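Bear in mind that the values in this text are calculations on the coordinates, not laboratory data. Everything numeric here is computed off the predicted structure, so don't read it as measured data. Quick reminder, even Gly has a Cβ in these numbers, built from the backbone with ideal geometry, and neighbours come from all protein chains shown.
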Amino acid sequence: MIGGVQGIGIDTAAVIFGDSVAKAGYYLYGSREYYSTIKGRHSYTTVKISDAPSSSINNNVEILIATDAETIFQHFTKVKDFIVYDKNFENVELNGIRSMENEIALSAYNILSKNNLGLTCRDAIEYAKKKGVKAIGIDYNNILQSIINKLNIPSPLTERAKTMIGVGASFKLLGLSFDLLSSTISSRFKNDTIAKLNTLAAKSGYDSTDSFYNLKVLDVSSHRIEIDGNTASAIGKMLGGLKFQSYYPITPASDESTYIEANQNLVLNTSSGSKTGGIVVYQTEDELAAINAAIGSALTGARSATATSGPGFSLMAEGISWAGMNEVPVVITYYLRGAPSTGLPTRSGQSDLMFALNVGHGEFPRIVIASSNHYEIINDAITALNLAEKYQTPVIHLIEKSIANAYAVLDENKINANNIIIDRGLFTNNADESYRRFKINEDGISARVPLGSAAMFYSGDEHNEYGHIDETSSNRLKIYEKRNKKLELAAKEIEKKYKIYVSGDKNAEYAIITWGSVVGPSIECIDMLKKEGINIQVVQIKMFSPYPSKEVSEILKNKKRIIAVENNYNAQGAEVMQLNTGIKATDFILKWTGRAIAGDELFDALVDILKNNKNKIVLDDEF
Amino acid sequence: MDYNKLNIDDTAEFNDWCIGCGNFGILRAVELTLHDLKLDYHNTVMVSGIGCSGKLPHFLNVKIDGVHTLHGRSLAFASGIKLSNPNMNVIIDAGDGDTFGIGVGHFVSAGRRNMKMTLITHNNGVYGLTKGQASPTLNRGEKTKSLPKPNINDPINPVALALVSGYTFVARSFAYDTQLTVSILKEAIAHKGIALVDILQPCPTYNDINTIDYYKNRIYKLDIDYKVKNNNEKVEKMMQAITKAYEAEKIPIGIFYQNELVPDYNNRIKEDIPNYLDYYPAIQELSINNKSTVDVIQILQKHRIV
């Protein structure tokens, strides 16, 4: 874990550390926590290194890199092995840190005073040391001053290089060669002086400790990429033929749109040779314009999408209803953050599932997909674009902030990107004089042509096959059913692999029912629980609408206990299960602090539920 | 301009506007314009909002594409259409409540972008479909017939708001002056940027103040040099137009302002996507035999670490 004041490059430091570790053949999963501010408050990134892919982090960390005193006060109880810190902070007192929230300061105070310790940073480190943690104090100022002298540069420039000292030290602890780190730094910073400065800072850190974990460089058979969840969604959409993306700036969704804009000119291998195909990225005045512009664009035949989070999605409700009424293929990537209202704008949560399923007034098919890791985000983004066109209805793709802002290393060959299937359903460019946009046929799906290829009407008023306003009962009866039964067709046609993913022994007597970011830690608990003599299966719902009712009923029919694990208060995923299958969860592990459920805390909670016969545990990020 | 020569569409809807509604004049002017300019579904889409005006595309006797959208959002839908298919002529019919009430944010933002589209506002001072509440263009102190109390809000001046928002073609017409409306619409559609044509329109059912006679006694044809020929005279021409826009004793109708020196939005996008106007989103080839045409490696290799 690396922590410090927001704006000094915590994120960059974590990425450089991660890239360098990945170069040694390791996978990593790095999760970011930050305040809704630009500069000045505590932010931190937790990076998990593993030899197999993982999509979870732990609350307890091996190494803490502290670039300021607050980082130590916030996290000193959660460190297992090492604290790398700036010696100059040793005398900083707990109550001298204005940026720290009172509740956190109080928790630190309680721990320190209970252990008869003072209230300085040195005391907090002392506490950790008593628990077996080794403290590596480095004089950051001294190092920076010598770099300033050596490179003859102004001192403000070096402020952001501070993070590199800790990165260098922890890289040494891993036991990996400095070359891996220095090559990442030089490719990261284009400016020579900045690269040199950061390399020197990292080297000083690297030289200030011995190796500990002795990690070996692993063989890597295929190319690997490192991306965050926002980028995964952007890449999935681009691979899936996205041509138009609208957005209004909002955390944590905007990064997706700005990534697409920065990379908007794509090379296409068309039937008439290689061509550039530009994706239009449209920053609108609000989310009302964002959804409605995406819908307008979709009517021209361009694959169209928007991306937002809770507050913006609320504004999009009316537009989504229009898209449902007019059978418009549009994809809404819905980033889930802490709600209600502005809530915890930079934190995560799963409290908007019911809203996504029910958004927009009236009855119309909404396809709702929830991704649990970066691979799924890429594939689901492609699937979303396909299903939107196939069933001519809005598709909502749920991605939690905790995944959106998490970095992961992925194997290129697992992305299967060279074999991306585009399914446009009944889209065609040809229509004759008798064309009716909403022609009623057996399965409810009519041929769709772009604006400009036939006379056609769209209307949010109830309409007839031509799209003209028609309020007669006889018309309403038919056209309403036509629209709604598309979801029944989708339920029948969409393959199981898009809807549900099950891990673990099918004969297990216990099951976890979960979704999204909780899936990663849940799956990792299967083997850990086996060692405790507990056999558990993990059921991940990937598609909430249409819901895989038959599959869920079949899997869960003989389970002794069904544990719902979710990042919300009401266990909404379990509620949806009950609504669709009649099956009730028996036990609950819930967390609504805005932080993802960590692997270690989930394991403890599951043990508590299954061994101590508790029915409900609320996770609290307890100090 | 022989109305009978028009290609009558037997699927067109029964027109349910009130007898004497100003919308009929606007409908006729739009039909004549489309006919004269040979605009139909091949090249033109009519986008509308919600309200009496929103039904206009349904009532046209020209084979057209119509997108009858949401209250206040017609400009947003229209912008998406225009961005993904810049070849389409996009004409928007919206009410005064639609445009200057619930959708005023879109109205202002559309000026900043200057997309080549034509916005026709049906300006009758009232919300007709909901039984005559005051719209954002009704004067303060006026009590139209179904208002329980006189209106206590000051009005928006559509021409002036358009000018300060960046509209590059701004005109006002009268619903019953079909000839003038047609001539303005033709200029507006040809204009290289966003055009507002605000049309004063009596509502015989709910607005007993701004009647046909009210307008007939006040309107006069504007005759000013409205075209900005170089950037130095931009502000001067805007000020002239705003001054004219606020005349109340006598109400000028005609073209107030035009400036084709401002690049339109599609051409701004062309700066970032060089082949955009030839290979825009609506016509890009998505797949060959169901396989994506996107070159995957270009995307992934930027993120390769090993």
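Numbers for the structure displayed
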read-out: Cα gyration tensor category, rounded, prolate or oblate, for region A:226-419 with a/c compared to 1.5; value: oblate
read-out: Cα-based reach from B:Lys143 at 19 Å (exclusive), listing lysines while leaving out same-chain residues under 8 positions away; value: B:Lys131
read-out: Pair A:Lys530, A:Ile421: separation of 7 Å Cα→Cβ label points (nm); value: 3.2 nm
read-out: Shape call, region A:426-494: gyration tensor on alpha carbons, a/c limit 1.5; value: oblate
read-out: Residue-count net charge about A:Ser321 - beta-carbon cut-off 11 Å; Lys, Arg +1, Asp, Glu -1; value: -1
read-out: Protection proxy ranking, peptides A:361-372, A:510-521, average beta carbon neighbours within 10 Å, highest first; value: A:510-521, A:361-372
read-out: Other protein chain Cβ atoms within 10 Å, averaged over every residue that makes up A:419-426; value: 4
read-out: Separation between Cα centres of region A:471-487 and region A:273-337, rounded to whole Å; value: 25 Å
read-out: Peptide-level mean, for B:270-281, of C-beta atoms on other protein chains within 10 Å; value: 5
read-out: Span from the region A:29-48 Cα centroid across to the region A:512-589 one, whole angstrom; value: 29 Å
read-out: Within region A:84-120, trypsin sites (Lys or Arg not before Pro) in DSSP loop having at most 14 other beta-carbon neighbours inside 10 Å; value: A:Arg98
read-out: Amide H contacts under 5 Å for A:Tyr335, placed H, 5+ residues apart; value: A:Thr308, A:Ser309, A:Ile399
read-out: Label zone at A:Glu103, where the point sits 7 Å out along the Cα-to-Cβ direction: region A:379-405 residues whose backbone N lies under 20 Å; value: A:401-402
read-out: Cut-off under 5 Å, modelled amide H: who pairs with A:Ile227 long-range; value: A:Ala408, A:Leu410
read-out: Cα gyration tensor, region B:164-206 - rounded (a/c under 1.5), prolate or oblate; value: oblate
read-out: Order by protection proxy (mean Cβ within 10 Å, highest first), peptides A:465-473, A:451-459, A:397-405; value: A:397-405, A:451-459, A:465-473
read-out: Radius of gyration and maximum dimension Dmax of region A:2-207, Cα, Å; value: 16.5, 50
read-out: In Hz, Karplus ³J(HN,Hα) per residue of region A:367-374 (6.51, -1.76, 1.60; θ = phi - 60°; x = Gly, Pro); value: 9, 10, 10, 10, 9, 10, 7, 5
read-out: Karplus-derived HN-Hα couplings along region A:578-591 (A = 6.51, B = -1.76, C = 1.60, θ = phi - 60°), whole Hz, x at Gly and Pro; value: 5, 4, 8, 10, x, 7, 9, 5, 9, 9, 9, 10, 10, 8
read-out: Neighbour cut-off at most 15 other Cβ (10 Å), DSSP loop, trypsin sites (Lys or Arg not before Pro), region A:449-531; value: A:Lys506
read-out: Candidate aspartates and glutamates for bridging to A:Lys150, where Cα separation is under 15 Å - those fewer than 8 sequence places away on the same chain excluded; value: A:Asp192
read-out: Restraint check, A:Lys48/A:Lys401; B:Lys227/B:Lys250; A:Lys497/A:Lys557, Cα-Cα greater than 25 Å; value: none
read-out: Note, ³J(HN,Hα) from phi for region A:240-249, Karplus 6.51, -1.76, 1.60, rounded to Hz, x at Gly and Pro; value: x, x, 4, 10, 8, 10, 10, 6, 10, x
read-out: Alpha-carbon centroids, region B:153-191 and region B:248-268: separation in whole Å; value: 7 Å
read-out: Reach of A:Lys243 by Cα under 21 Å, taken over lysines that are not fewer than 8 positions away in the same chain; value: A:Lys275, A:Lys390, B:Lys82, B:Lys116, B:Lys270, B:Lys291, B:Lys302
read-out: Shielding by other protein chains, A:269-282, mean Cβ within 10 Å; value: 6
read-out: Shape box of chain A [Cα atoms, principal axes, largest first, Å]; value: 81, 60, 46
read-out: Sequence-distant residues sharing a close amide H with A:Thr393 (under 5 Å, placed H); value: A:Val330
